Amino acid sequence: MKIRLFAAVLATLAISATYADGTAGASTLKVNLNAVVRAGIVQPVDGITSAGQPDEAALKVFAEQGYKTVIDLRTEGEDRGIDEAKVIEGLGMDYLILPIGRDSISFDSASALDQLIENAEGPVLIHCGSGNRVGALLALRKSLSGADDETALEYGREGGMTSLESKVQEILSAD
């Protein structure tokens, strides 16, 4: 009995720790997929969640948590490690592809993503390989909706933008 209680307390602490570090909680736009799988919980921010490449276990958690659509920004030549379309459709979610390479980061691409999000049944998981492209497009999308540059960049960082930040800054400054 004491062992089961101790295990339950440890499990609760592990889930709490996951939320405390922001990797699977409701206030995190980009999630750590390993934490999502461990916790079995994920919640969208403004109807969306950003991530790197999910595996089948992570996709199952998203489906169980009520996500309806997955938007894949990876290009055709990028290895997903699974038959993503088959897995997603088998879980009852819609699978949409918007292939965005590093050179395709633009306001036009952000508008195309915005259209997919607006027309998708949500909540929506958006992913690329690491979340970098997702965050970059989310920053530009935020700018298109009227946010100032710093607010847009911060939103992009929250969405996973890392090495593409300088490219997004150039695009924002040219506007």
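What follows draws every value from the coordinates through simple rules; no lab data is involved. Predicted, not measured: the structure shown is a model, and the values here were computed from it. Here the Cβ is made from the backbone with ideal geometry for all residues, glycine too, and neighbour counts use every protein chain on show.
General remarks:
- Backbone phi angles across region 131-137, fed through the Karplus curve with coefficients 6.51, -1.76 and 1.60 (θ = phi - 60°), yield HN-Hα couplings of x, 4, 5, 4, x, 4, 5 Hz in residue order; Gly and Pro are listed as x.
- The phi torsions of region 101-115, fed into the Karplus equation with coefficients 6.51, -1.76 and 1.60 and a -60° offset, translate into couplings of x, 4, 7, 9, 6, 6, 4, 4, 5, 5, 5, 5, 5, 4, 4 Hz, rounded to whole numbers, with Gly and Pro shown as x.
- Calculated FRET value between residue 103 and residue 68, using beta carbons and R₀ = 41 Å, to 0.05: 0.85
- In terms of Cα atoms, the Rg and Dmax of region 44-174 work out to 14.0, 43 Å.
- Spatially close lysines, pair count over region 44-174: Cα under 22 Å, gap of eight or more or interchain: 4
- The GluC sites (Glu not before Pro) of region 120-175 that meet both conditions, a loop assignment by DSSP and at most 13 other Cβ atoms within 10 Å of the site Cβ, are 121.
- The share of alpha-carbon pairs in region 30-69 lying farther apart than 14 Å comes to 36%.
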